Amino acid sequence: QVQLVESGGGQVQAGGSLGLSCAASGSIFSKSDMGWYRQAPGEQRELVARMSGDGTTNYADSVKGRFTISRDNAKNTVYLQMNSLKPEDTAVYYCNLRWRRIDFWGQGTQVTVSS
């Protein structure tokens, strides 16, 4: 069983920056695709950024150029650096690990961007 623990959420003013971290238990991290998703009130959960095991990344159009996903396989940790934050980035952010088409999710961390 994989457990994902997120940290780093909080409140920031528009234009500011926040960094999120997600630490994974278990031994499959380096072989897994990792991602960040977010869900705003009344909205569906949406992809923010993903990174495959080989380092390939993809981003939602709304965050390209502002957010950066990275990973440290030695620490079983994936990161999301968020710059130039906008009020519309306000949401609960979830860490995702996908391995052999099985999804594991973190508990979520709140990010609030005030105007």
Report task. State whether the residues of segment 51-66 include one that is open to solvent by 60 Å² or more (accessible area, probe 1.4 Å), in a loop (DSSP other than H, G, I, E, B), modelled with pLDDT under 95 and of a type outside the set (D, E, K, R). Result -> no
Report task. Kindly provide the set of residues from segment 19-36 that are touching a residue at least 60 places away in the same chain (Cβ under 8 Å) and open to solvent by 30 Å² or more (accessible area, probe 1.4 Å), ordered by number. Result -> 19, 31, 33
Query raised in the report: Within segment 26-41, how many residues turn out to be part of a loop (DSSP other than H, G, I, E, B), of a type outside the set (Val, Ile, Thr) and at pLDDT below 95?
Result: 4
Query raised in the report: Within segment 78-86, is even one residue without any contact (Cβ under 8 Å) to a residue 40 or more places away in the chain, of a type in the set (D, E, K, R) and open to solvent by 70 Å² or more (accessible area, probe 1.4 Å)?
Result: no
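The values are calculated or read from the model by the stated rules, or taken from the named source; none is laboratory data. The structure presented is a predicted model; accordingly, all values stated were derived computationally and were not measured. Using ideal geometry, Cβ is built from the backbone for each residue, glycine included, and neighbour counts are taken over all protein chains shown. Just the protein is used for accessible areas: all its heavy atoms, side chains included, with ligands, DNA and RNA removed. Shrake-Rupley method; radii C 1.70, N 1.55, O 1.52, S 1.80 Å.
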